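So the structure is just underneath, and the comments pick up after that.
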Amino acid sequence: MKFSSQTQIDLNGYRYIKAIFVTLVISSASLHSYAASLDDISLNGYLSAEYEKHIGGDNEGDKNGSFDMDLIDLVFNIRATDKLRIATDLTWEHGAASEENRGNVAVEYAFAEYLISNNTKIRVGKMFTNFGIYNEIHTAKPATLTVKEPQSTNKNNKLGSEIRFYPRWLMGVAVVGTYQLSKMGGDYVLQLSNGESEDEDINPFEEDDNTHKAFNGRFRLRYTDAIQLGFSFFLDSMEDPNSSGRIDLSSYGLQADWENENGTGLEFEFVLGDEDYSQAQKISRYAYTAMLYQQLNEKYTPYLRYEYLDPDKNTSRDTGTVSILGINIMIDESMFLKIEADHFSTKENNGKFNGASFTDLKVSLSIGF
């Protein structure tokens, strides 16, 4: 195709104007962008590699003995201004390889936090549900003595319940604060969110399946340096995917932590609640977990934990228990080797294991950085 001389002049003029426009856009972006410097960005994370082997009892658990690249998490905190913080936790679980449909890649949380007073902050985004001892630290494996968090109170759907006491994560807004009562101090979190959805086609971090919003909170009190007490609640109403009705979910929890100067510690958590179905029978359930541990020195900490779950108080012989005997060994700063035997015992009407009784060996190497 041939161009006339006038067309060529017009094209040259167009290129000239385009170059000026692009230069102005780049200059404007550089003037008005707010990039955080490296001094305002912190990077931390966790790595956990595990081994699990069925060592006795009924035909459950991992009979082959398997290594598991449990997770590696990268935690970013960006101080955008003196009052504004952006926080996110990115996780790669079980050797994630998306092109092979293996493992899992997820945003554990991603929220903006704004300081509105010396002791009060507002958060907006995807967050862990603040309930009990373990949920908001369940990815931080170096922060816990045991290989896994308690199933009875934290992952009760893996021990016989249909629905967890509360969702793992939520999307919404939260108020986070601290308070002082005489010589005692504490902290609290109140969260308003989409809640959970039992509809697999609904993404609860994008939309809600009904107009009702979930409401939950946790209050903790440091009674002394050795004693901490806490109360949690979670209230939600969701569509029932198995009928045209609804499910009202309510859960309440109590927690207590105690540790003396000799390194003897006790941890206890109790959770109860209801699944109230508008077109089916209400399910009332409860669970507890108790752990005793002893720091022998800075390196060795043996522990004993017992978990109990009654998935439905109206159903007989459906309970599940987990008894754990283990030791946590600090190999290096922020590097821990955990070795434990987990014994599972369930009754015949348990919805997960149907009366099975078995023991697993679990080993993990947890590293914080």
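I'd like to compare 128-140, 48-60, 226-238: which one has the highest average count of other Cβ atoms within 10 Å, and what's the full order after that? Intermediate results must be reported in sequence, preceding the final value.
On the way: 128-140: 21.6, 48-60: 16.5, 226-238: 19.2.
Ranked from most to least packed, the peptides come out as 128-140, 226-238, 48-60.
Here the Gaussian network model covers the chain, with springs between Cα atoms less than 10 Å apart; of Pro311, Pro241, Pro204, Pro241 fluctuates the most.
Packing, as the average of other Cβ atoms within 10 Å across residues, places the peptides 207-219, 257-269, 357-369 in the order 357-369, 207-219, 257-269, highest first. Each peptide in 195-202, 160-167 gets a packing score, the mean of other Cβ atoms within 10 Å over its residues, and the list from highest to lowest is 160-167, 195-202. For Gly185, the amide hydrogen comes within under 5 Å of the amide hydrogens of Arg222, counting only partners 5 or more places away or on other chains and with H modelled in the peptide plane. Counted by neighbouring Cβ atoms within 10 Å, the residues Ser66, Ser250 run from fewest to most as Ser66, Ser250. Checked against a 23 Å cut-off, the cross-linked pairs Lys126/Lys338; Lys158/Lys347; Lys155/Lys282 give Cα-Cα distances beyond that limit for Lys126/Lys338.
Taken over the Cα atoms of the range 170-311, the convex hull encloses 145 Å³ per residue.
A straight line joining the Cα centroids of the range 218-288 and the range 146-179 runs 9 Å. What does the charge count near Ala256 come to, summing +1 for each Lys or Arg and -1 for each Asp or Glu among other residues with Cβ under 13 Å from its Cβ? For residues surrounding Ala256, the net value is -2.
Compared with the dominant Cα axis of the chain, that is its longest principal axis, helix 5-32 is turned about 40°. Candidate cross-link partners of Lys121 among the lysines, defined by an alpha-carbon separation under 28 Å and a same-chain spacing of 8 or more, comprise Lys83, Lys141, Lys183, Lys213.
Laboratory data are not the source of any read-out in this text; all were calculated from the coordinates shown. Since the model is a prediction, treat every value here as computed from it, not as a measurement. We place every Cβ from the backbone using ideal geometry, glycine too, and count neighbours over all the protein chains shown.
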